Amino acid sequence: MEKRAIDWWVGIFVLLGIAALVVLALRVGNLSGFAYNDGYVLHADFTNIGSLKMRSPVRLGGVTIGEVTHIGMDPKTFMAQVTMRIEPKVKLPTDTGASIYTEGLLGEQYVAVQPGGMPQDLKPGGTITMTQSAVNIDQLIGQMVFDKASGSK
């Protein structure tokens, strides 16, 4: 009888451990069910999105207000099309701008939105027209090295 009780408790602890690992994996992978499913969709076109990925955060003043839900390319303009889902409580003016930034020097990329001052709000499915593409760190470092090398002659 005592062995059976020990087996039962071991089973409970094993199940709790597995559940904790699943929750941890979902949190680390940003795959938890806390997605912005009830928000509205906005689009933005960029010439270069760098290493922006789906599920990358969309931030306003450093606060996450949404996420990137789709990345595609317009075959006519060759611009990268980014689709974002924004929290329903956040209303952005029609003259809102969007930029792609990197967290730290080598961190993940995210979309930063800067609201304008227009009284009209972007409608669901609307497009942010003022965009700034991602800065390519490799090109920036290469340019600095090249400038330094050509300046030493």
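The values are calculated or read from the model by the stated rules, or taken from the named source; none is laboratory data. Nothing here was measured: the structure is a model prediction, and the numbers come from that model. Here the Cβ is made from the backbone with ideal geometry for all residues, glycine too, and neighbour counts use every protein chain on show.
Taken as a whole, the condition of being closer than 20 Å to D38 by Cβ, out of contact with any Asp or Glu (no Cβ under 6 Å at 6 or more places or on another chain) and buried (at least 18 other Cβ atoms within 10 Å of the Cβ) applies to L122. Examine segment 103-110 for a residue that is under 18 Å from I65 (Cβ atoms), crowded, with 17+ Cβ neighbours inside 10 Å and not aromatic (F, W, Y), and state whether such a residue exists. So far as segment 103-110 goes, yes, one or more of its residues are under 18 Å from I65 (Cβ atoms), crowded, with 17+ Cβ neighbours inside 10 Å and not aromatic (F, W, Y).
Every residue, every condition in (1) part of a loop (DSSP other than H, G, I, E, B); (2) over 20 Å from L106 (Cα atoms); (3) modelled with pLDDT of 95 or more; (4) touching a strand residue (DSSP E or B) at 6+ places or on another chain (Cβ under 9 Å), yes or no:
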site: A44; (1), (2), (3), (4): no, yes, yes, yes
site: N48; (1), (2), (3), (4): yes, no, no, yes
site: M54; (1), (2), (3), (4): yes, no, no, yes
site: T77; (1), (2), (3), (4): yes, yes, no, yes
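When each of L42, L52 is tested for being touching a residue at least 24 places away in the same chain (Cβ under 8 Å), within 28 Å of I141 (Cα to Cα) and of a type outside the set (D, E, K, R), the lone residue that passes is L52. Out of R27, R59, report the one residue that is in contact (Cβ under 8 Å) with a residue 40 or more places away in the chain, outside any loop (DSSP other than H, G, I, E, B) and at negative phi. The match here is R59. The residue that is nearest to the chain's Cα centre (by Cα), counting only those in segment 104-140 that are β-branched (V, I, T) and assigned to a loop (DSSP other than H, G, I, E, B), is V135.
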